Amino acid sequence: METAIEVRDLVVRRGARAVLDGFSCAIPKGSVTGLLGPSGSGKTTLMRAIVGVQIVASGTVTVLGHPAGSAPLRRSIGYLTQAPSVYADLTVAENARYFASLYRLKAADADAAVEAVGLTTARNQLVSDLSGGQRSRASLACAIVSRPEVLILDEPTVGQDPVLRDELWDHFRRLAADGATVLVSSHVMDEANRCDRLLLIREGVLIADDTPAAVKRSAGTDDLDQAFLKLIRQQEKGVAA
Ligand SMILES: Nc1ncnc2c1ncn2[C@@H]1O[C@H](COP(=O)(O)OP(=O)(O)OP(=O)(O)O)[C@@H](O)[C@H]1O
């Protein structure tokens, strides 16, 4: 399968510590890849490196054949950060239309993105009047409006109810089926089961890179939570040995 994102021997230091310590992975094109790991394990840092906004100490990050952050990628990557990045004094529809206009897209494209995130009924509300979960979805609408080839989503379903989470995952799967490469960080294991592949990261080190089924099989359990706990304990033993 063709690789969309290739990370090789990546070292990122934040403060005095190596937050990513010789991290390598290859993310296939047209897939949904889940990035999982405990809080502080380096997920956001890896996503920032892929988007090209993170200073790296060494190693390489290549996206669609170009160095991360380089000019040819500007229109090809959508990035949803954990902090919603929408204008509070504009409505949902105005925000989406503004982002659409940056890509010379039409109002109808913006409206489609608003619908995809389930905000059609709130489309004329100011972002400042939205709930936290709605604000995050408004931000997601702006990240997907240009239909980027690579979509980097940092915990896109936090604060969403189960029905909405399910719909958002259906949407991610549709985007991948249309050829997009979607990298999603999550803490929720039932979401991990919906990914084509999983990257499990702990303290800046990759401890699993496989399909959900293979991760479960290698841990000898049907439960991803249990599988991850097992892998983390195995890694701890390996580090201690
Ligand atoms: N600006 C910063 N300066 C120094 N250290 C930082 C900075 N930002 C993050 N870190 C540290 O880098 C490590 C990895 O952080 P990162 O945000 O990548 O983790 P994460 O896996 O995304 O966590 P979460 O699931 O809580 O969002 C953490 O130990 C964090 O304290």
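The values are calculated or read from the model by the stated rules, or taken from the named source; none is laboratory data. Keep in mind it's a predicted model, so treat the numbers as computed, not measured. Quick reminder, even Gly has a Cβ in these numbers, built from the backbone with ideal geometry, and neighbours come from all protein chains shown. Accessible surface areas use protein heavy atoms only, side chains included; no ligands, DNA or RNA. Shrake-Rupley method; radii C 1.70, N 1.55, O 1.52, S 1.80 Å.
General observations
- Out of 196, 170, one residue alone is without any contact (Cβ under 8 Å) to a residue 40 or more places away in the chain and within 28 Å of residue 146 (Cβ to Cβ). It is 170.
- Candidates in segment 141-180 are the residues that are over 20 Å from residue 96 (Cβ atoms) and among the charged types (D, E, K, R); of these, the one that is nearest to the chain's Cα centre (by Cα) is 155.
- Screening segment 1-37 for residues that are among the polar types (S, T, N, Q) and within 12 Å of residue 199 (Cα to Cα) and picking the one that is surrounded by the most Cβ atoms within 10 Å (Cβ to Cβ) gives 33.
- Candidates are the residues of segment 50-63 that are open to solvent by less than 40 Å² (accessible area, probe 1.4 Å) and under 29 Å from residue 95 (Cα atoms); the one that is nearest to the ligand (Cβ to nearest atom) is 54.
- Residue within segment 10-27 that is under 24 Å from residue 176 (Cβ atoms) and assigned to a loop (DSSP other than H, G, I, E, B) present: no
- Considering (1) open to solvent by less than 10 Å² (accessible area, probe 1.4 Å); (2) modelled with pLDDT under 95; (3) more than 16 Å from the ligand (Cβ to nearest atom), the lone condition that residue 72 does not fulfil carries the number (1).
- Selection from segment 21-35 of residues that are within 13 Å of the ligand (Cβ to nearest atom) and out of contact with any helix residue (DSSP H, G or I) (no Cβ under 6 Å at 6 or more places or on another chain): 21, 23
- For residue 92: the one exception among (1) assigned by TED's automatic domain parsing to the domain that holds residue 132; (2) open to solvent by 10 Å² or more (accessible area, probe 1.4 Å): (2)
- Meets criteria (open to solvent by 10 Å² or more (accessible area, probe 1.4 Å) and either modelled with pLDDT under 90 or assigned to a loop (DSSP other than H, G, I, E, B) (or both)) for residue 128: no
- Scanning segment 38-49 for residues that are open to solvent by 10 Å² or more (accessible area, probe 1.4 Å) and within 6 Å of the ligand (Cβ to nearest atom) returns 39, 40, 43, 44.
- Any hit, segment 150-171, residues being in a helix (DSSP H, G or I), within 16 Å of the ligand (Cβ to nearest atom) and touching a strand residue (DSSP E or B) at 6+ places or on another chain (Cβ under 8 Å): no
- Test: residue 235 is within 16 Å of the ligand (Cβ to nearest atom), farther than 19 Å from residue 48 by Cα and either part of a helix (DSSP H, G or I) or among the hydrophobic types (A, V, I, L, M, F, W, C) (or both): yes
- Some residue of segment 77-97 being within 14 Å of the ligand (Cβ to nearest atom) and hydroxyl-bearing (Ser, Thr, Tyr): yes
- Pairs where the first residue, in segment 39-63, is farther than 15 Å from residue 11 by Cβ and the second is open to solvent by 40 Å² or more (accessible area, probe 1.4 Å) and within 6 Å of the ligand (Cβ to nearest atom), C-beta under 8 Å, 6+ apart: none
- Condition met for residue 31 (closer than 15 Å to residue 151 by Cβ and hydroxyl-bearing (Ser, Thr, Tyr)): yes
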